[in-house]
Amino acid sequence: MQKQYRLSSKQDFAAVYRTGKSAANYQLVLYYKKNPAEPHFRVGISASRKIGGAVVRNRIRRRLKEIFRLLADEIKEGYDIVVIVRKAAVDLDHAALVRSVRHVLKKADLLKGGK
């Protein structure tokens, strides 16, 4: 994922948690906040130690970053998004994880073309 699409600072994460809205399914929780200063969306991914060891956490983060990179044309611009991974997401194959991401983005009305 290119640097311009990444949400990395602690302050950015805190702002999304504090003033953003959320949508969730069984595998993911998505916090999002409108950010008109950005010409595109930015994504940050959080995976706690409850998910598993470092290898497991980093693998799921890499998979989600790739999914967001592939879906970049379908996601509305001007949003900061924080994705929290739940334990159920670790066992999903790629297609199921893509469906889960699309589902939670659709619930949050962040896909172009509306709900």
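The values are calculated or read from the model by the stated rules, or taken from the named source; none is laboratory data. Everything quoted here is computed from the prediction, not taken from an experiment. FYI the Cβ positions are ideal-geometry reconstructions off the backbone, even for glycines, and counts take in every protein chain you see. SASA here: full protein model, heavy atoms, side chains in, ligands and nucleic acids out. Shrake-Rupley method; radii C 1.70, N 1.55, O 1.52, S 1.80 Å.
Here is how the numbers come out for the structure above:
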{"quantity": "Of the criteria (1) open to solvent by less than 40 Å² (accessible area, probe 1.4 Å); (2) part of a helix (DSSP H, G or I); (3) over 24 Å from ALA15 (Cβ atoms), which one VAL104 fails", "calculated": "(3)"}
{"quantity": "Long-range neighbours under 7 Å by Cβ, at least six apart or interchain, first residue surrounded by 10 or more Cβ atoms within 10 Å (Cβ to Cβ) within the stretch 2-17, second of a type in the set (D, E, K, R)", "calculated": "TYR5/ARG42; ARG6/ARG42; LEU7/ARG42; LEU7/ASP80; ASP12/ASP80; ALA15/LYS33; VAL16/LYS33; VAL16/ASP80"}
{"quantity": "Residue within the stretch 62-81 that is within 23 Å of SER9 (Cβ to Cβ) and without any contact (Cβ under 8 Å) to a residue 24 or more places away in the chain present", "calculated": "yes"}
{"quantity": "Among (1) touching a residue at least 24 places away in the same chain (Cβ under 8 Å); (2) out of contact with any Phe, Trp or Tyr (no Cβ under 7 Å at 6 or more places or on another chain) - the single one TYR32 does not satisfy", "calculated": "(2)"}
{"quantity": "Matching residues, the stretch 89-101, being touching a residue at least 60 places away in the same chain (Cβ under 8 Å) and either in a helix (DSSP H, G or I) or charged (D, E, K, R) (or both)", "calculated": "ALA89, LEU97, SER100, VAL101"}
{"quantity": "Filter result for LYS115 (modelled with pLDDT under 95, open to solvent by 70 Å² or more (accessible area, probe 1.4 Å) and not hydrophobic (A, V, I, L, M, F, W, C))", "calculated": "yes"}
{"quantity": "Only one of ASP80, ASP73, ASP109 that is assigned to a helix (DSSP H, G or I) and either touching an Asp or Glu at 6+ places or on another chain (Cβ under 8 Å) or of a type outside the set (A, V, I, L, M, F, W, C) (or both)", "calculated": "ASP73"}
{"quantity": "Meets criteria (within 11 Å of the chain's Cα centre (by Cα) and surrounded by 13 or more Cβ atoms within 10 Å (Cβ to Cβ)) for PHE41", "calculated": "yes"}
{"quantity": "Which listed residue, of LEU7, LEU28, is aliphatic (A, V, I, L, M), closer than 20 Å to VAL85 by Cβ and modelled with pLDDT under 95", "calculated": "LEU7"}
{"quantity": "Some residue of the stretch 54-69 being polar (S, T, N, Q) and either surrounded by 17 or more Cβ atoms within 10 Å (Cβ to Cβ) or modelled with pLDDT under 95 (or both)", "calculated": "no"}
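Residue by residue, here is whether (1) surrounded by fewer than 12 Cβ atoms within 10 Å (Cβ to Cβ); (2) more than 13 Å from the chain's Cα centre (by Cα); (3) among the hydroxyl-bearing types (Ser, Thr, Tyr) holds:
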{"site": "LEU28", "(1), (2), (3)": "no, no, no"}
{"site": "SER46", "(1), (2), (3)": "no, no, yes"}
{"site": "GLY52", "(1), (2), (3)": "no, yes, no"}
{"site": "ALA72", "(1), (2), (3)": "no, no, no"}
{"site": "VAL83", "(1), (2), (3)": "no, no, no"}
{"site": "LEU92", "(1), (2), (3)": "no, yes, no"}
